[in-house]
Amino acid sequence: MKKFGLIGYPLGHSFSEKYFTEKFTREKLTDCTYQLFPIQNLSDLPKLLENEKDLCGLNVTIPHKIGVMFYLDEIDKAAQDVGAVNCIKVTHHHSIKSLFSGELCKFNPYKPKLIGYNTDAYGFELSLKPLLKSHHKKALILGNGGAARAVKYVLEKLKIDYKFVSRRPVKGMYNYKDLSKKTMQDHQIIINTTPLGTFPNTTECPDIPYQYIGEKHLLYDLIYNPEESLFLSKGKENGARIKNGAEMLQLQADKSWEIWNS
């Protein structure tokens, strides 16, 4: 049996579990399963790997996309550049060297090897590019977690200027209260990477001045549940083009599957 899964906390309603379970049924992959592993502390990851010896791959979600990098044996170049990992390939049965520190340590030839990748950037880029117009030259990234790092990586690749917006900004970032009419009009791509508005908290949204959004704006929400978050709904009311995170998630899931089977 080949087992795959998702680590993060809390997990609740998971796109990945539904997507891969349906994929395995549709493609008659009877030897594959996908499971949720709600891990609040990453220090529990080694124990999970020890208990789940059939694990071949993991997806990683909030809040572990950055911290999980410290547990990996290798990190793909793109994931290193992003600074976050959301996909892990688990390879079993590779040898490791025994260590000597005064006495012989137990030799374990079956310790799994963990290789980290970032498929968020892949999914975001492919889903964003068809929406871009010539006037989309500057972006605001709402939030500064692991998903925001993937967005930053893609915007740099596409040569789109950006600014982070955070409740606890550091140097070079905006605070939400800093968003003036001019700032909003100058940045005609606005990307929400925060969990604000995710089901069941659908009455929440990022605290930006929506009255300054117009028809030239593109609002992209990494949230996919609900299909139209309050953030997107407010933008749509003012004529902006909107996009949720469903396609991005599907693209990154397909890329994860490709990596796990490579």
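The values are calculated or read from the model by the stated rules, or taken from the named source; none is laboratory data. Note that the structure is a prediction, hence the values are computed from the model and not measured. Note: ideal-geometry Cβ built from the backbone for every residue, glycine included; neighbour counts use all protein chains shown.
Details
- Being of a type in the set (Phe, Trp, Tyr) and at pLDDT below 95 holds for only one residue in 164, 199, and it is 199.
- Residue that is under 30 Å from residue 85 (Cβ atoms), among the β-branched types (Val, Ile, Thr) and within 17 Å of the chain's Cα centre (by Cα), where the choices are 208, 259, 189, 242: 259
- Evaluation of residue 164 against the conditions (1) assigned to a loop (DSSP other than H, G, I, E, B); (2) surrounded by 13 or more Cβ atoms within 10 Å (Cβ to Cβ) shows that the sole unmet condition is (1).
- Meets criteria (within 18 Å of the chain's Cα centre (by Cα) and either among the hydrophobic types (A, V, I, L, M, F, W, C) or surrounded by fewer than 18 Cβ atoms within 10 Å (Cβ to Cβ) (or both)) for residue 196: yes
- Inter-residue pairs, beta-carbon under 8 Å, first farther than 17 Å from residue 247 by Cα and in the range 10-34, second in a strand (DSSP E or B) and among the small types (Gly, Ala, Ser), 6+ apart: 34/5
- Scope the range 23-57; condition assigned to a strand (DSSP E or B) and touching a Leu at 6+ places or on another chain (Cβ under 7 Å); matching residues: 36, 37, 38, 55
- The requirement of being free of Cβ contacts under 8 Å to residues at least 24 places away in the same chain and either touching a Leu at 6+ places or on another chain (Cβ under 6 Å) or over 26 Å from residue 19 (Cβ atoms) (or both) is fulfilled nowhere in the range 202-214; no residue meets it.
Yes/no matrix, rows are residues, columns are (1) surrounded by 15 or more Cβ atoms within 10 Å (Cβ to Cβ); (2) at pLDDT 90 or above; (3) in contact with a Phe, Trp or Tyr (Cβ under 7 Å, 6 or more places away or on another chain); (4) assigned to a helix (DSSP H, G or I):
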position: 89; (1), (2), (3), (4): yes, yes, yes, no
position: 106; (1), (2), (3), (4): no, no, no, no
position: 110; (1), (2), (3), (4): no, no, no, no
position: 116; (1), (2), (3), (4): yes, yes, no, no
position: 149; (1), (2), (3), (4): yes, yes, no, yes
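- Those residues of the range 49-66 which are within 21 Å of the chain's Cα centre (by Cα) and of a type outside the set (Lys, Arg), in sequence order: 55, 56, 57, 58, 59, 60, 61, 62, 63, 64, 66
- Any hit, the range 219-231, residues being surrounded by 15 or more Cβ atoms within 10 Å (Cβ to Cβ), among the hydroxyl-bearing types (Ser, Thr, Tyr) and touching an Asp or Glu at 6+ places or on another chain (Cβ under 6 Å): yes
- Which numbered condition residue 224 fails, given (1) under 21 Å from the mean Cα position of the chain (by Cα); (2) free of Cβ contacts under 8 Å to residues at least 12 places away in the same chain: (2)
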